[in-house]
Amino acid sequence: MRLVPKESIEVLAQTIGVSNLSPDVTDELASDVEYHLQEIMQEAIKCMRHSKRTALTVDDVDSALKLRNVEPIYGFASSDAPRFKRAAGHNGLFYIDEKDVEFKEVIDAPLPRAPLDTSVSAHWLAIEGVQPAIPENPPFEALTMASDGKRYENREDGISIDIKLPIKSVLSRELQLYFDKIRELTVSKSDSVLFNQALVSLATDSGLHPLIPYFTQFIADEVTRNLSKISLLFALVRVAGSLLQNPHVHIEPYLHQLMPSIITCLITKRLGNRLTDNHWELRNMSASLVASICKRYGHVYHNLQPRVIRTLVHAFLDPKKSLPQHYGAIKGLAALGPSVVRLLIIPNLEPYLQLLSSELLLENQRNEIKRLEAWRVYGALLSAAGLCMYNRLKMLPKLLSPPTRAVWKTNRKVKTVMPNKRRASSDNLMQQPPLKRIATEGMIGGMPPNPMQGVASGFSGAVGGPVLLYCVNFPVKAPREGMLVVVQLQRHQTP
């Protein structure tokens, strides 16, 4: 069955004045018209599919005619679908219901604007952060209108306020409930068992990647607003550590939001609002977290560790900073490795100790809190120097191997400590020479009074046995004077 019947060709021929067409010519013309109509419709369907639509419009037919170098048909538009009406007395005959238009009204009506061809034009979205007022850009009123319907005006001093428009993000209902529950536990129930289970979930669960920007923003906001709440800061640092341990999330793009919060907990001036708040442990935890981030992502971001080191060194060498800030900087540098300590702390150790010595003595510093902070900083320096020294001594394994006999060396004489020797009494200690007194005190388990008890120096102390003290003159940097380092080693009895 033909799409274009021969009768239609005869009617069209009669409209142009041709009335004697032969049947063969009519048949050939019908076939040719049908072929060209199929070509145009196929091109129109292609235009429709490229436009990501499923309904064919007049614009698609016009585009197909342009591709065939045929002038498009004017007077048709795709704004409204045509309305057909059934002809009275004919069930299968329909016609388009069009209103009558006066020819005089059409002639007197103004000409419409000529349609513009599709083109690409460029314009400035912003110039040095300022959006130009051109028709292509949205008006300023649309930018200053917040999501709650409130309007924000410029301040009287003429400084414009940058407004960040809200970005819609699609989160499932389950993820929203999960984030709200974690936030509630972190803020109000950080000492519960459920919070510890939540930390395990953050460190192991997969599928949490859509929540990473929300968690980083939550940590940054809470750290900024709650520097006086030490328990909340502990919980936030633990949440950050759990997220960094999760192998299923891609947290690298959000390190620029997470690192300032952790470094704030490390070297800020004051953490907590009470003297009993253990902000020292919070700084230690933050230092370990910063070191793990630099170790894990340092090969990806080559300027990550240099920027962290620059910040910590500035806090360490600035005399205007408080002693807790110095403590956090020293702990952060020591956590980055012995090489950082050897290059940045050891060369500055002698002048820094000269400034710190006045804060350690009771005669110079009457404030008990300041003196305790100074001893904390002194212990951090001892710990860093001890780790650096231990790392250097590992290159000489024979030096660290325990001797077959426990000996005390002094004045080229060797004193052997007998395991079955009777312990000296307290009265006899005061009558003995100084060197022998120190050796005997080590044997009975006594140590000279040390205000820095509990400070790790890189060597494990002896437990439940006599202790020997070796005085090692370890050169810091020639030709400077050496640094006296005390090393504790456990006595080993001969078999």
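The values are calculated or read from the model by the stated rules, or taken from the named source; none is laboratory data. For clarity, every value in this text was computed on a predicted model and none was experimentally measured. So basically every Cβ, Gly included, is an ideal-geometry build from the backbone, and we count neighbours across all protein chains shown. Please note that ligands, DNA and RNA were not included when accessible areas were found on the heavy atoms of the full protein model with its side chains. Shrake-Rupley method; radii C 1.70, N 1.55, O 1.52, S 1.80 Å.
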> Can you give the accessible area of Val377, probe radius 1.4 Å, in Å² rounded to 10?
Replying inline: 0 Å²
> For segment 293-343, what is the accessible area per residue in Å², given a 1.4 Å probe and the full set of protein chains?
Replying inline: 51 Å²
> Round to a whole number: what % of the accessible area of segment 1-123 belongs to carbon and sulfur, probe 1.4 Å?
Replying inline: 56 percent
> Efficiency by 1/(1 + (r/R0)^6): what FRET value for Ala122 and Asn367, r their Cβ-Cβ distance, R0 = 51 Å, to the nearest 0.05?
Replying inline: 0.15
> What residues qualify as long-range amide H neighbours of Lys321, i.e. H under 5 Å apart, gap of 5 or more or another chain, H built at 1.01 Å from N?
Replying inline: none
> Based on the alpha-carbon gyration tensor of segment 169-247 and its eigenvalue square roots a ≥ b ≥ c, which shape applies: rounded if a/c is under 1.5, prolate if not and a/b is larger than b/c, or oblate?
Replying inline: prolate
> Rank Lys99, Lys331 by accessible area, highest first, at a 1.4 Å probe radius?
Replying inline: Lys99, Lys331
> Hey, any idea what % of segment 273-373's accessible area is carbon plus sulfur with a 1.4 Å probe?
Replying inline: 56 percent
> Per the Kirkwood formula on distinct C-alpha pairs, the Rh of segment 268-322 is how many angstrom?
Replying inline: 12.9 Å
>> Run the numbers for Phe84 and Leu3: contour at 0.36 nm per residue of separation, minus the present Cα-Cα distance, in nm.
In response: 27.1 nm
> Where the only charges are on Cβ atoms (+1 Lys, Arg; -1 Asp, Glu), what is the dipole of segment 1-106 about its Cα centre, to the nearest 20 debye?
Replying inline: 540 debye
> Residue-wise, which Karplus ³J(HN,Hα) couplings in Hz belong to segment 289-304, taking 6.51 cos²θ - 1.76 cosθ + 1.60, θ = phi - 60°, and x for glycine or proline?
Replying inline: 5, 5, 5, 5, 5, 5, 6, 7, 10, x, 6, 8, 10, 5, 9, 5
> Going down the table (Lys320/Lys370; Lys189/Lys229; Lys229/Lys269; Lys295/Lys320; Lys269/Lys320), which pairs top 20 Å between alpha carbons?
Replying inline: Lys295/Lys320
